[in-house]
Amino acid sequence: MTDPDRTDRAADRPSSDLMKRETAVEKARQKTAALALEFGKAWEYAPAPETPDHVKLEERYQLFIGGKWMPPKSGKYFDTVSPSTEQTLAQVAEGNAEDVDRAVKAARHAYDKYWGKMRGAERAKYVFRIARALQEKARELAIVETMDGGKPIKESRDVDIPLASAHFFYNAGWADKLDYAFHGRKVRPLGVAGQVIPWNFPLLMAAWKIAPAIACGNTVVLKPAETTPLTALLLAQIIEEAELPPGVVNIVTGAGETGAALVGHPDVNKVAFTGSTDVGKKIQRAIAGSGKRLTLELGGKAANIVFADAPLDQAVEGIVGGIYFNQGHVCCAGSRLLVEESVHDIVVRKLKDRMATLRLGDPLDKNTDVGAINSRAQLERIKELVLSGEREGAERFSAPCELPSKGFWFPPTFFTNASQSCRIAREEIFGPVLTIMTFRTPDEAIEKANNTMYGLSAGIWTDKGSKIFHVATRLQAGVIWANTYNKFDPSSPFGGYKESGFGREGGRQGLAAYLEVQ
Ligand code: NAP
Ligand code: MG
């Protein structure tokens, strides 16, 4: 018979060996990390700022209505500032309800007189022209986007501007093929679209809204976000240069009230809104019963699910890209990290190591990974939620980086030991803050991922294709990435489930939002 004591001791031995080995590995890791840090300091990247010298911003921007630049009826202007320097970049017209009315009238006129009747092939020429002009002016647009919104130039140069142009190209290609987009069914445009967009992807959101609308034969009044109006105004200049008939696209800058006046205008046929769930609900209430068509792209609290069999280094890169690049100012940011329990500690350690190498600072520097928070108000919101996480007992880690003295900044941060009921696990933070939780089985991961009022996006990291399909078909999210994160394409429909909104942007489904399909 086996001596039970002996068996126990035998079982103990490998685990204590393992512990010794783990300690040795950890010591070696710390030594390498310290060396890497020293090495990193010696080889710190030299500053590589993109020069804004050739960008000529006007001191004051008017409203773009009926193909003309018009002063606002109120005579009022507001400053748009650079969140990384707090410097005023330009003054922008504050449109009121009267201005919105002028813009809607101009859009109606353009729709009735020519744009709504124009052959698709003719409309396409204009939309292609805008797409090409965006490519030609890509550098200037990227710089202005970064100055006005605070995102790193790497992001605006490589993501925002090329994608904005790609959306115009994609939709231009559909303009003369709309009868074939819906399997033999006839389509017709809706009329005047009132569109309201947020500050996190200013030009890209304008492109998502304007390109399908005008390609389908609608005319548009667009209200950009108060803190990032500049690239929409540059787009208006491009539209003017492309000689689009007057009134087809109108840009009315202003605050929330301007947006409310636009969506509430009785002669608007279609409302398209991207922004917070709260404002989305207000809009839904305001236009209920009016017969206006509505699409809402709202907030998110995406789960990024990492299984133990995932390529962990690749997953860590995806986690970092999903929440820290772009300061977490992404509606589909992977802000809840669900890690299989057995690899939790390894993932957290790898994440800390990677975070130590993130470069935060001047958004115009080509090496910058994390830029400025879009506005003081947004920074305050992030701080308040982070404080609530600490108060609720979660453990905070912030990347060891220096924050510039001027501007609005928040270090890449994560929380561990957070429960699902914590505010940081439930509410959209819209900043570089990640909440890490664990799971043991795929079912538990699915349940936790779906335990939210949102349903915009999710990520799955695993070596097994079958697991990807098993999990993806059970997640309630509009967009699901597998072994990658935050990848976009104009042919791919994007939109939410539950309180993340309804309707799709991009792809054939995105056209349906701007057409009556008969
Ligand atoms: P927000 O406060 O809802 O603002 C969005 C836009 O609506 C802005 O232009 C805003 O004007 C305007 N607005 C405010 N009140 C309004 C009202 N009562 N009626 C009509 N328009 C009104 O959102 P945000 O804080 O700027 O943007 C962040 C939010 O957008 C996040 O929740 C994010 O998840 C969401 N988002 C979603 C998607 C998506 O595709 N699902 C994409 C990007 C962002 P002001 O700028 O003057 O306030
Ligand atoms: Mg600004």
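Points worth noting:
- Protein accessible area in the chain, 1.4 Å probe - carbon and sulfur %: 53
- Computed extension length for Arg139-Arg60: 26.3 nm, one decimal, from 0.36 nm per residue of separation with the Cα-Cα distance subtracted.
- Computed from phi, the 3J(HN,Hα) profile of the stretch 50-58 under the Karplus parametrisation 6.51, -1.76, 1.60 (θ = phi - 60°) reads 6, 7, x, 4, 7, 7, 9, 8, 7 Hz, with x in place of Gly and Pro.
- Alpha-carbon Rg/Rh ratio, for the chain, with Rh computed the Kirkwood way: 1.03
- If you take all other residues with their beta carbon under 9 Å from the beta carbon of Val187, and give Lys and Arg +1 and Asp and Glu -1, the sum is +1.
- A DSSP coil position with no more than 16 other Cβ atoms inside 10 Å describes the following trypsin sites (Lys or Arg not before Pro) in the stretch 418-498: Arg440, Lys464, Arg474, Lys487.
- Once the chain from Glu384 to Asp267 is taken as fully extended at 0.36 nm per residue, the excess over their C-alpha distance is 38.1 nm.
- For Lys464, a cut-off of 20 angstrom between C-alpha atoms picks up these aspartates and glutamates, skipping any fewer than 8 places away in its own chain: Asp309, Asp313, Glu317, Glu340, Glu341, Asp443, Glu444, Glu447.
- Distance from the Cα centroid of the stretch 403-445 to that of the stretch 114-140 is 41 Å (rounded to whole angstrom).
- Antiparallel DSSP beta bridges within the chain, as percent of all bridges there, nearest 5: 35
- Multiplying the residue separation of Tyr114 and Asp443 by 0.36 nm and removing their Cα-Cα distance gives an extension gain of 112.9 nm.
- Amide proton proximity set for Leu434, modelled H, under 5 Å, gap of 5+: Thr413, Phe414, Phe415
- Karplus-derived 3J(HN,Hα), 6.51/-1.76/1.60, for each residue of the stretch 419-429, Hz, glycine and proline x: 8, 5, 8, 4, 4, 5, 9, 10, 8, 6, 8
- Net charge of neighbours whose Cβ lies under 14 Å from the Cβ of Glu226, counting Lys and Arg as +1 and Asp and Glu as -1: -1
- Taking Lys and Arg as +1 and Asp and Glu as -1, the other residues whose beta-carbon sits under 10 Å from that of Ala242 total 0.
- Only protein heavy atoms count here; on that basis, with a 1.4 Å probe, Cys401 has an accessible area of about 40 Å².
- Amide H contacts under 5 Å for Trp481: Ala458, Gly459, Ile460, restricted to partners 5 or more places along the chain or on a different chain, H placed in the peptide plane at 1.01 Å from N.
- Per-residue ³J(HN,Hα) for the stretch 352-368, Karplus 6.51 cos²θ - 1.76 cosθ + 1.60, θ = phi - 60°, Hz, x for Gly and Pro: 4, 4, 5, 5, 5, 9, 5, 9, 10, x, 2, x, 7, 6, 5, 8, 6
- For Asp365, the amide hydrogen comes within under 5 Å of the amide hydrogens of Glu50, Ile153, counting only partners 5 or more places away or on other chains and with H modelled in the peptide plane.
- Per-residue SASA remark: Met205, around 10 Å² accessible (1.4 Å probe; ligands, DNA and RNA not included).
- Per residue, the accessible area of the chain comes to 44 Å², computed with a 1.4 Å probe over protein heavy atoms only.
The values are calculated or read from the model by the stated rules, or taken from the named source; none is laboratory data. Quantities reported herein were computed from a predicted structural model and do not represent experimental measurements. Cβ sites come from the backbone with ideal geometry, for glycine too, and all protein chains shown count toward neighbours. Side chains are part of the model used for accessible areas, which takes the heavy atoms of the whole protein and leaves out ligands, DNA and RNA. Shrake-Rupley method; radii C 1.70, N 1.55, O 1.52, S 1.80 Å.
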